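Shown next, in structure tokens, is the structure this report addresses.
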Amino acid sequence: MKTTKAILTELGACREAVKWAGRKTHKQAWETCKRGDWLLWIAGRFDVDRKLLVLAACACARTALKHVTKGEDRPRIAIETAEAWTRGEATIEQVRIVADAAAYAAANAAHAAYVADAAAYAAANAADAAYVAYAAAYAAAYAAYAAYTAAANAALAAADAANAAAYAADVAYKDMADIVRRVIPFSIIKRAIAEYKGKE
């Protein structure tokens, strides 16, 4: 049986993630990881159902909506449309339209809007497994960055602004890891790992 570390190395995970995995079992790694972006990337690389990935990415993206400029609704609409796609209530074309709108909002309104843009593009490009994995992971990473930026701005005058921002990002990553695990429990990952081994 291949170790978690060996599988992550084969999948091309970042050096930090591979080192963190160490001697952890697959279950230990999934259930103790504090990085939502890592979990989404791993689930994507294991070809977990794309709709689950998009749902998890959208749930992570929602954590950043509080940082979007008041009155800017395009990021929320992008997330809601991507979620509707997972239920068969929106087309890929509709998701692409709102994803483009969220991208425009990101360029012109708020950093946090990038989160919705990434989540929506995960759905809009659902046919491409690799794209979904990266877009979903970026949604979580952008959400953590939105928390970091908000905390840094709030503590701008304080001597420990950098520490406050880093702490906010760590908390955001951990919260999103918990969100991902609620949408994609280890039982799904366990099956995906078994199928991955079967392809060797």
Quiz item: In nm, to one decimal, how far is the Tyr167 label point from the Arg191 one, both placed 7 Å along Cα→Cβ?
Solution: 4.2
Self-check item: Helix-derived mean residue ellipticity, 222 nm - over the chain, DSSP H n ≥ 4, -39500 (n - 2.57), to 500
Solution: -24000 deg cm²/dmol
Quiz item: For region 132-140, in order, what is each residue's ³J(HN,Hα) by Karplus, 6.51 cos²θ - 1.76 cosθ + 1.60 with θ = phi - 60°, in whole Hz (x at glycine and Pro)?
Solution: 4, 4, 6, 5, 5, 5, 5, 4, 5
Exercise. List the GluC sites (Glu not before Pro) within region 9-112 that fall in a DSSP loop (any state other than H, G, I, E or B) and whose Cβ has at most 11 other Cβ atoms within 10 Å.
Key: Glu89
Quiz prompt | Per-residue Cβ neighbour rank within 10 angstrom, fewest leading, Phe46, Phe186 | solution = Phe186, Phe46
Self-check item: Neighbourhood net charge (11 Å Cβ-Cβ; Lys/Arg +1, Asp/Glu -1) for Pro185
Solution: +4
Quiz prompt | Kirkwood Rh, angstrom, the chain [1 / mean 1/r, Cα pairs] | solution = 17.0
Quiz item: With contacts defined as alpha carbon pairs under 8 Å and 6 or more residues apart, what's the relative contact order of the chain in percent?
Solution: 28
Exercise. Express in nm, to one decimal, how much length is gained between Lys174 and Asp73 on full extension, taking 0.36 nm for each residue of separation and deducting their alpha carbon distance.
Key: 33.7 nm
Quiz item: Which residue, Leu40, Leu11, Leu65, tops the fluctuation ranking in a GNM of the chain built on C-alpha contacts under 10 Å?
Solution: Leu11
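Coordinate-derived values only; no laboratory data. Everything numeric in this text was worked out from a predicted model, so none of it was measured. Cβ: placed from backbone, ideal geometry, glycine included. Neighbour counts: every protein chain shown.
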